[in-house]
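The values are calculated or read from the model by the stated rules, or taken from the named source; none is laboratory data. Just so it is clear, the model here is predicted, and its values are computed rather than measured. Every residue, glycine as well, gets a Cβ built from its backbone with ideal geometry; the counts of neighbours run over all protein chains shown. These accessible areas exclude ligands, DNA and RNA; they are computed on the full protein's heavy atoms, side chains included. Shrake-Rupley method; radii C 1.70, N 1.55, O 1.52, S 1.80 Å.
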Amino acid sequence: SENAGILGFPILNLIIISLFWKLFGPFGFVLIELLSVFIFLKLFSNLIQFYTSSKASMIFVGIFLLSISFYLEFLTFLNINFLYILDINFSSLYSFRFPRPIISNLFLFAYIYICHLIFIRNENTFKNYFLLGLISGLSLNIFYYFFVIQNLFLGMLLFAQNKLDFFKSLIKKKKEIFIYLLMVFFFFLIYLTNLKFADTDYISRLGVTSLDFNKKKILLNYTLNFLQNEFFLIVFVINLIGAFFLKKKFLNFLVIFFLATI
């Protein structure tokens, strides 16, 4: 139509793929897969290296996470519902599907890694907060669900670290928080511009719709049913018990991330 706009889409995700296609043609997809696997393994090996000096252990963790969905899928012939649910969850952890999760999930893993540097390794540097803001802003334009999870995660980490001194800590880190918010705001403008000029018919096809009272009730009921799901409750309780009794800083870090994803 005459009023058609641009295709509302996670444009930054496409830019990465388009650049590789322009430079290397079809072989660019192979390069993206190789680089993505390397970055995936590098992020997790760097994360584990703080807890073990064994290079074999560092590599094993990354490979295990990369391939666990394959083994779970193989075990589904046992027809155990719990294994089936695990397979669904781990299959979304990472795979080579373009553009998500092969690219988008790497931004989430990188965000977790830098948060680990800040809150576990106490590397509260201006650079790390800048990178956090950059990754979060890119995530907004790549897969905005991760953007929500990332910022909930960061807020909960800041609160858990400082508790009653939460607001004082924000003032103390005002320069770092400012650069983080500035980066997020810059990419938020790109996101809003993309939505502003997006074709309305295409947006409707994607399922974007106005929420009236009845639709909000449906979403609320869905959320309540999810929170009462047996699988969720089992995982939730295991996380809380482990964090309470083991009292390991890294384990608490993972529990906070789990809570942020809910």
Checklist entry - Mind checking which residues of segment 127-142 are modelled with pLDDT of 95 or more, of a type outside the set (Lys, Arg) and open to solvent by 30 Å² or more (accessible area, probe 1.4 Å)? => result Phe130, Leu131, Leu134
Checklist entry - Which residues, counting only those in segment 197-207, are outside any loop (DSSP other than H, G, I, E, B) and of a type in the set (D, E, K, R)? => result Asp201, Arg205
Next on the checklist: Where the second residue is outside any loop (DSSP other than H, G, I, E, B) and surrounded by 12 or more Cβ atoms within 10 Å (Cβ to Cβ) and the first is touching a residue at least 60 places away in the same chain (Cβ under 8 Å) and of a type in the set (Gly, Ala, Ser) and lies in segment 189-210, which pairs have Cβ atoms under 9 Å and are six or more apart or on separate chains?
Outcome noted: Ala198/Ile6
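The rows are residues; the columns are (1) among the hydroxyl-bearing types (Ser, Thr, Tyr); (2) under 23 Å from Phe146 (Cα atoms); (3) in a helix (DSSP H, G or I).
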residue	(1), (2), (3)
Ile190	no, yes, yes
Leu195	no, yes, yes
Thr209	yes, yes, no
Leu220	no, yes, yes
Leu233	no, yes, yes
Ala243	no, no, yes
Leu259	no, yes, yes
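Out of the helices (runs of 4 or more DSSP H) lying entirely within segment 82-182, which hold 2 or more residues that are under 25 Å from Asn194 (Cβ atoms)? Quick ask: steps written out before the conclusion?
Details: elements: 104-119, 126-142, 144-162, 166-172.
Filter on segment 82-182 gives 104-119, 126-142, 144-162.
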Checklist outcome for this item: Checked segment 49-64 for anything over 18 Å from Phe90 (Cβ atoms), assigned to a helix (DSSP H, G or I) and not charged (D, E, K, R); matches are Ala56, Ser57, Met58, Ile59
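Conditions tested, residue by residue: (1) open to solvent by 80 Å² or more (accessible area, probe 1.4 Å); (2) not hydrophobic (A, V, I, L, M, F, W, C).
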| residue | (1), (2) |
| --- | --- |
| Asn162 | no, yes |
| Ala198 | no, no |
| Arg205 | yes, yes |
| Asn214 | yes, yes |
| Leu220 | yes, no |
| Asn239 | no, yes |
Item to check | Scope segment 102-126; condition at pLDDT 95 or above, within 17 Å of Phe44 (Cβ to Cβ) and over 13 Å from the mean Cα position of the chain (by Cα); matching residues | outcome: His116, Leu117
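Does Lys248 fit the bill of being modelled with pLDDT of 85 or more and closer than 19 Å to Phe119 by Cα?
Numbers: modelled with pLDDT of 85 or more: no; closer than 19 Å to Phe119 by Cα: yes.
The answer is no for Lys248.
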Checklist entry - With Leu41, Leu19 as the choices, which residue is open to solvent by 40 Å² or more (accessible area, probe 1.4 Å), without any contact (Cβ under 8 Å) to a residue 12 or more places away in the chain and either assigned to a helix (DSSP H, G or I) or more than 30 Å from Val235 (Cα to Cα) (or both)? => result Leu19
